[in-house]
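Reviewing the structure listed below.
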Amino acid sequence: MFTLPHNTVVYLYKEAIDMRLGMFRLQGVIAQQLSQPMAKGCFFLFINKPHTLLKAVWFDGTGLCLFCKRLEQGQFSWPQTATQSNEKWVQIQPSALTLILDGIELKKCMKKAWYEA
């Protein structure tokens, strides 16, 4: 299981992107589309059109890291909020990233009322 500290900031790029792009071209997309600079510990997620390949660009404070995961079967679940707004980026909780990577369907999940308070 992949876990992150609770103070990690995770951004999803809502549109499908060409996965031939490397970390420097993806960094360019981040710089063009996101109004704030890359901060230490931020994850930036990108997905391909069929939702079978996910790339994450992470800035650890000393340099860029590129992580990639390709599914053998099925598709990654993209959060419902990613398709409802006009923004190109959506911020999610680190726990949601863990669920995405573990193959959990986020569209059918919801937080309990006591947890949201």
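Laid out as a table, the results:
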item	result
Selection count, the range 29-49, where residues are aliphatic (A, V, I, L, M), in contact (Cβ under 8 Å) with a residue 40 or more places away in the chain and more than 16 Å from C68 (Cα to Cα)	1
Among (1) open to solvent by 100 Å² or more (accessible area, probe 1.4 Å); (2) modelled with pLDDT under 80; (3) farther than 13 Å from I47 by Cβ - the single one C109 does not satisfy	(1)
Answer from V90, V29 - the residue that is closer than 23 Å to E105 by Cα, open to solvent by less than 30 Å² (accessible area, probe 1.4 Å), modelled with pLDDT under 90 and out of contact with any Asp or Glu (no Cβ under 7 Å at 6 or more places or on another chain)	V90
Test: E116 is at pLDDT 70 or above and open to solvent by 100 Å² or more (accessible area, probe 1.4 Å)	no
Pair list, Cβ < 8 Å and 6+ apart or interchain, from the range 15-28 residues that are under 20 Å from T52 (Cβ atoms) to residues that are open to solvent by 80 Å² or more (accessible area, probe 1.4 Å)	A16/K49
Residue list for the range 1-26, filter: out of contact with any Gly (no Cβ under 9 Å at 6 or more places or on another chain), farther than 19 Å from F76 by Cα and open to solvent by 20 Å² or more (accessible area, probe 1.4 Å)	H6, G22, M23, F24, R25
Test: A96 is surrounded by 12 or more Cβ atoms within 10 Å (Cβ to Cβ), at pLDDT 90 or above and small (G, A, S)	no
Subset of the range 39-59 (residues that are open to solvent by 50 Å² or more (accessible area, probe 1.4 Å) and either at pLDDT 90 or above or farther than 15 Å from G28 by Cα (or both))	K40, K49, P50, H51
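The values are calculated or read from the model by the stated rules, or taken from the named source; none is laboratory data. Just so we're clear, the structure is a prediction, and the values are computed from it rather than from any experiment. Because the Cβ atoms are built from the backbone with ideal geometry, glycine has one as well, and the counts that use them run over all protein chains shown. Areas reflect the complete protein model, heavy atoms only, side chains present, ligands, DNA and RNA absent. Shrake-Rupley method; radii C 1.70, N 1.55, O 1.52, S 1.80 Å.
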